[in-house]
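Reading through the structure tokens given below for one structure.
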Amino acid sequence: TARADSEAEADRMIAETEAVIRERVGEYVYGTGKDLLEDAFARLMEERGCTLAVSYTGPESDKFVSRIRQAVVTEILPDVRDLAARLGVESTDCGELVKLEAARLRESSGADVVIVVATNDDSTGITALTAQEERTRCYRFGGTNTEAPVWAVTWGLSMAWRLVGKFS
């Protein structure tokens, strides 16, 4: 936002500020205006010729699936206990489960990029994985009455954006 005597002057002020921001943190900028992260991510994946597999465990899976449209494999489970059973482990720790699920999904799908999100009543785990690198985060909040699924997808896309951005 800029305040000036004319629209042209305000646009110039905004452009100057944008140039400084892009110089400092350009690798984190995926778009401007009404660009959505999921659309920018889909374009980046297409430009790099990458395939994507995703897995979501938790409530409100429609919020997850609607934002990640280009996945060649999408797996949904309702509860972390189901994910633990799939992986053959007893732990229901979301941080541990997303790492294991990401490795399993990458191997089974052959996708270049994997995003895994698992959320339960008290935590949310997120992993983005490529053959070269893994990024995992675990947050100590979750639950069915929160925006954890929406927020987790944003973080998962952001983490994967950084990994795919490293592809040549």
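The residues listed here are Ala10, Ala4; of these, the one that is more than 20 Å from Phe167 (Cα to Cα), open to solvent by less than 60 Å² (accessible area, probe 1.4 Å) and not in a helix (DSSP H, G or I) is Ala4. Listed by first and then second residue, the pairs with beta-carbon distance under 8 Å, at least 6 apart or on different chains, first residue in the range 33-60 and at pLDDT 90 or above, second assigned to a helix (DSSP H, G or I) and of a type in the set (D, E, K, R), are Ala53/Arg106; Ser55/Glu101; Thr57/Asp82; Thr57/Glu101. Taking every residue in the range 1-25 that is closer than 25 Å to Ser158 by Cβ and pairing it with any residue that is polar (S, T, N, Q), at least 6 positions away or on another chain, yields no pair with a Cβ-Cβ distance below 6 Å. Figure legend. Inter-residue proximity from the range 62-83: first residues under 15 Å from Val153 (Cβ atoms) and hydrophobic (A, V, I, L, M, F, W, C), second residues at pLDDT 80 or above and not in a strand (DSSP E or B), beta-carbon distance below 7 Å, spacing 6+ or different chains. Indicated pairs: Phe64/Val153; Ile68/Glu38; Ile68/Val153; Ile76/Ser61.
The single condition from (1) assigned to a helix (DSSP H, G or I); (2) more than 14 Å from the chain's Cα centre (by Cα) that Lys34 fails is (1).
For the range 91-103, residues that are within 18 Å of Phe64 (Cβ to Cβ) and modelled with pLDDT of 95 or more total 4.
Summed over the range 109-145, the residues that are hydroxyl-bearing (Ser, Thr, Tyr), closer than 18 Å to Ile76 by Cβ and open to solvent by 10 Å² or more (accessible area, probe 1.4 Å) give a count of 2.
The values are calculated or read from the model by the stated rules, or taken from the named source; none is laboratory data. In this text the structure is predicted, and so the values were computed from the model without any measurement. Backbone-built Cβ (ideal geometry, glycine too); neighbour counts: all protein chains shown. Just so you know, the surface numbers come from the protein's heavy atoms only, side chains and all, with ligands and any DNA or RNA stripped out. Shrake-Rupley method; radii C 1.70, N 1.55, O 1.52, S 1.80 Å.
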